[in-house]
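The values are calculated or read from the model by the stated rules, or taken from the named source; none is laboratory data. For clarity, every value in this text was computed on a predicted model and none was experimentally measured. For neighbour counting, all protein chains shown are included, and Cβ atoms are generated from backbone atoms with ideal geometry for every residue, glycine included.
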């Protein structure tokens, strides 16, 4: 499979989006589903073939495909180019693979929705945009994908836009992301002006081997900080995480695909993609990226403990796990971060799809206080959720255990950060158990007669159960750690860490302790009253109040000022005054027009006399 | 005995003034027209006189143009006049003030 296939990976889902967008109404539901699912499946198969080639022929590492010259200003040239290297291949496989499963799931989940073809148009467009993001060969192409996935996210969060909450959530996501994107754009500009190129390969060459004399350069540090700020927006890190919990207003498969498995990991991907730049930027990785990641991980995990909306639990969990990935990047564990990105895509998509099955069976009911005892009526969904939750908690031998253990291993030398990561692991296991207990155990007291989902939803669930269960063995040392063997060369050959039995035992013990604590605290569907701690958690440690005080209210005050003082009293009054002048002038001058011919004639004469007098007397 | 050119010009000025006063003071549309004709022909007289004085045919040419335009104007004007008379039963221009603002 030659490089010619690379553009087709993007083109297939894009074509699917076009076909469904233009003729979706005429195709019927069956046609729309076929087009949407097959286009993503095609992209997945192409990705598999391309990746096999990549592994088979070590010489052909870089398959860069220049599509056309996009921007040319003097010597500064930016081609629209795609690249197929190890990092891009991994993300493309995750996006198209998990994306395909979620497309199939959506066929069942959205079967009753009147806007069926619009949904699949957006979903295909999202996959195409995400592929542009991960395959872009320079920062600008990546940025195009970055903005497109933001647009798709907005469109899909607000998919049921007739619900005010959904429309508001979409708007919030868009606005918060703009903040990060503004920093991202500045980062691109400063990187471009510093290095004179935006091409990843060129950047790596310039910054390789000791940073090319730029190591720790203030401008480089600024660029890295700005780019990381962009990453925190898209990947929902402190302090820009606030949009992700609200994004759960979208359809659940969208939450699974965009707001758990793929788009939100774009920030992690960005840092991995710009690894040479971040490494050369000196203190940014250990002093900014890692602390932000660790703080977000612990913060979001604690907030997840008191959420009652099952999807919000999962949303905070996603924020927390993304924090884990940034922590891993910050302490130099690039492979660990991307390993966790991959396993997280599996088990978090699984958790979301299981939650979606619950919603599907119970007509949208998702409040943990009203669920319970579902294990009997929905055994398959229960199995899926338990596997996902256990994987998330880091219970061996499920996939989350492997990647999380590796992150803990990478963070081991970092003292406080390691402790935070360990604490997060405990809290994670706790809230995962809590959600499982509250939703599935105890006495059934849900209205109606819940049932396991139909085949279209069950099969993707089964696929993700398998991936979540065994995906971790990709990183198993005694299997040759195929994941590390594949991704390691992307940053100069990281080996899979030799398992330290003591550390593994500690990690498992902490996770188990979390599970046991969650079981003991919530067994019998009790909610421990934690008093002020609970209130603090429900208030998200005051972050929401801080936003309210620092952003929302000043923003509203400014808007009020602008609308009242500037617009109504300033602009509007000026416009009215101008109109008044014209009206008055008109009503004055109209009296001069009497309709009397002889007066006009007299006027003419007077004018002629004046002109004549002027000429004569001049 | 030849009449001096100045006399022609004086006559022209007198006729023009007569016509102007006529336009300003009379209210009958028909008389208004006649007064305008008087003004036009006063100008014609001045044109022809000065053409003769300067030996330049341009003045005579202008007089012919004025004659032609005046004829056309009379055609249009009179038909408007007839129309006004038919619809409003009057030719008093002071009573025709539809365009008053």
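If we only count helices (runs of 4 or more DSSP H) wholly inside segment A:202-305, which ones have 3 or more residues that are more than 15 Å from the chain's Cα centre (by Cα) and at pLDDT 90 or above? Lay out the reasoning, then the answer.
Values: elements: A:218-234, A:243-246, A:252-256, A:266-273, A:275-280, A:290-304.
Counting at least 3 such residues, we get A:218-234, A:290-304.
One line per residue, one yes/no per condition, for (1) touching a strand residue (DSSP E or B) at 6+ places or on another chain (Cβ under 8 Å); (2) under 15 Å from residue A:267 (Cα atoms); (3) surrounded by fewer than 23 Cβ atoms within 10 Å (Cβ to Cβ):
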| position | (1), (2), (3) |
| --- | --- |
| A:75 | no, no, yes |
| A:80 | yes, no, yes |
| A:86 | no, no, yes |
| A:95 | no, yes, no |
| A:99 | no, no, no |
| A:144 | yes, yes, yes |
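Among the residues that make up segment B:31-44, is at least one of them away from every other protein chain (no Cβ under 14 Å), over 17 Å from the mean Cα position of the chain (by Cα), within 25 Å of residue A:609 (Cα to Cα) and crowded, with 17+ Cβ neighbours inside 10 Å?
For segment B:31-44, residues away from every other protein chain (no Cβ under 14 Å), over 17 Å from the mean Cα position of the chain (by Cα), within 25 Å of residue A:609 (Cα to Cα) and crowded, with 17+ Cβ neighbours inside 10 Å: absent.
Checking residue A:419 against (1) touching a residue at least 60 places away in the same chain (Cβ under 8 Å); (2) farther than 17 Å from residue A:336 by Cα, which single condition isn't satisfied?
Unmet for residue A:419, out of (1) touching a residue at least 60 places away in the same chain (Cβ under 8 Å); (2) farther than 17 Å from residue A:336 by Cα: (1).
Tell me whether segment A:213-236 contains one or more residues that are touching a strand residue (DSSP E or B) at 6+ places or on another chain (Cβ under 7 Å) and farther than 19 Å from residue A:293 by Cα. I'd like the intermediate steps shown before the answer.
Initially, segment A:213-236 is screened for residues touching a strand residue (DSSP E or B) at 6+ places or on another chain (Cβ under 7 Å), giving none.
No: zero hits.
Out of all the residues in segment B:86-101, which are touching a residue at least 12 places away in the same chain (Cβ under 8 Å) and over 24 Å from residue A:588 (Cβ atoms)?
Just the residues of segment B:86-101 that are touching a residue at least 12 places away in the same chain (Cβ under 8 Å), to begin with: B:91-94, B:96.
Within segment B:86-101, B:91, B:92, B:93, B:96 meet the criteria.
Looking only at segment A:525-532, decide whether some residue is away from chain B (no Cβ under 14 Å), part of a helix (DSSP H, G or I) and at pLDDT below 90. It would help to see each step written out before you state the result.
Residues of segment A:525-532 away from chain B (no Cβ under 14 Å): A:525-532.
Next, only the ones that are part of a helix (DSSP H, G or I) stay: A:525, A:532.
Those still in the list that are at pLDDT below 90 too: A:525, A:532.
Looking for residues that are away from chain B (no Cβ under 14 Å), part of a helix (DSSP H, G or I) and at pLDDT below 90, one finds at least one in segment A:525-532, hence yes.
When you look at residue A:336, is it in contact with a strand residue (DSSP E or B) (Cβ under 9 Å, 6 or more places away or on another chain) and either in a helix (DSSP H, G or I) or crowded, with 24+ Cβ neighbours inside 10 Å (or both), yes or no? Talk me through it step by step, then tell me what you get.
On the way: in contact with a strand residue (DSSP E or B) (Cβ under 9 Å, 6 or more places away or on another chain): no; either in a helix (DSSP H, G or I) or crowded, with 24+ Cβ neighbours inside 10 Å (or both): yes.
No.
Only one of (1) over 21 Å from residue A:294 (Cα atoms); (2) in contact with a helix residue (DSSP H, G or I) (Cβ under 9 Å, 6 or more places away or on another chain); (3) surrounded by fewer than 24 Cβ atoms within 10 Å (Cβ to Cβ) fails for residue A:434. Which number is that?
Result: residue A:434 fails condition (3) only.
Looking only at segment B:47-101, filter to residues that are under 18 Å from the mean Cα position of the chain (by Cα) and within 14 Å of chain A (Cβ to nearest Cβ); which one of those is surrounded by the most Cβ atoms within 10 Å (Cβ to Cβ)? Steps first, please.
Kept after step one, since they are under 18 Å from the mean Cα position of the chain (by Cα), are these residues of segment B:47-101: B:47-49, B:59-81, B:93.
Pick out the ones that are also within 14 Å of chain A (Cβ to nearest Cβ) and you get B:77, B:80-81, B:93.
Numbers: B:77: 17, B:80: 11, B:81: 17, B:93: 21.
Only one residue fits best here, namely B:93.
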